[in-house]
Amino acid sequence: MRAEVEKLISAVLDEADCIDDLIDVMREQRDAMAERDTKAINSLMDESRDISFEVQTHENIRDDLAKKLAAKFSCEPRASSLASVMQDDERDEFNRAADRLSQSVFLLKSEIMILNGLIDQNEKYTSMLLSEWRRLNGDTISQSGSADFRG
């Protein structure tokens, strides 16, 4: 196997591994939220941020290697285009790595959608609680900011 193809396959797998780590942290964070463990949530948020930067680094490395290989083979820096100019053994291994990365990205998007849904639910629930709290306390300032002088 050619060294530059091997480097690209390795970079693709490194990025997939890193995304999988991020998914694990997001799931742990969701569990910590359910348990209302603020300390763990904050720690996991920091870890998530660090891994996100690491994912970006791996993505940049993979992108650079793909562009260099595409320039060498006079093709597009896309997986299908790169695979078409590889030798059979390289192509099989590269396609497996690319599939793994695609699966990891899909799972990450799913986790993000779940997290966004939880955030939306929390926002609605908080708004309802605030509204009810205001109603029960006879809030004298309306939402428009003007005083309410009704008896």
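The values are calculated or read from the model by the stated rules, or taken from the named source; none is laboratory data. What you are looking at is a predicted structure, and each value in this text was computed from that prediction instead of being measured. Methodologically, a virtual Cβ is constructed for each residue, glycine included, from the backbone with ideal geometry; neighbour enumeration extends over all protein chains shown. These accessible areas exclude ligands, DNA and RNA; they are computed on the full protein's heavy atoms, side chains included. Shrake-Rupley method; radii C 1.70, N 1.55, O 1.52, S 1.80 Å.
Go through segment 88-126 residue by residue and tally those that are under 22 Å from Asp14 (Cβ atoms) and either more than 15 Å from the chain's Cα centre (by Cα) or acidic (Asp, Glu) (or both).
13
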> Taking interchain pairs and intrachain pairs at least six residues apart, which have beta carbon atoms under 8 angstrom, with the first residue in segment 101-113 and at pLDDT below 95 and the second open to solvent by 70 Å² or more (accessible area, probe 1.4 Å)?
Replying inline: Glu111/Arg27
> Which one is surrounded by the fewest Cβ atoms within 10 Å (Cβ to Cβ), of the residues in segment 73-83 that are part of a helix (DSSP H, G or I) and modelled with pLDDT of 95 or more?
Replying inline: Ser80
> Taking segment 84-98 only, how many residues are assigned to a helix (DSSP H, G or I) and loosely packed, with under 15 Cβ neighbours inside 10 Å?
Replying inline: 5
> When segment 31-47 is examined, which residues are found to be within 20 Å of Gln121 (Cβ to Cβ) and either part of a helix (DSSP H, G or I) or touching a Gly at 6+ places or on another chain (Cβ under 7 Å) (or both)?
Replying inline: Asp31, Ala32, Met33, Ala34, Thr38, Ile41, Leu44, Met45
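If you check Ile61 against the conditions, is it of a type in the set (Val, Ile, Thr), part of a helix (DSSP H, G or I) and open to solvent by less than 80 Å² (accessible area, probe 1.4 Å)?
It is false that Ile61 is of a type in the set (Val, Ile, Thr), part of a helix (DSSP H, G or I) and open to solvent by less than 80 Å² (accessible area, probe 1.4 Å).
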>> If a residue must be surrounded by fewer than 19 Cβ atoms within 10 Å (Cβ to Cβ), in contact with a helix residue (DSSP H, G or I) (Cβ under 7 Å, 6 or more places away or on another chain) and either without any contact (Cβ under 8 Å) to a residue 24 or more places away in the chain or under 15 Å from Thr57 (Cβ atoms) (or both), how many such residues does segment 19-35 contain?
In response: 3
>> Here is a list: Asp17, Asp31, Asp21. Which entry is at pLDDT below 95 and out of contact with any His (no Cβ under 6 Å at 6 or more places or on another chain)?
In response: Asp31
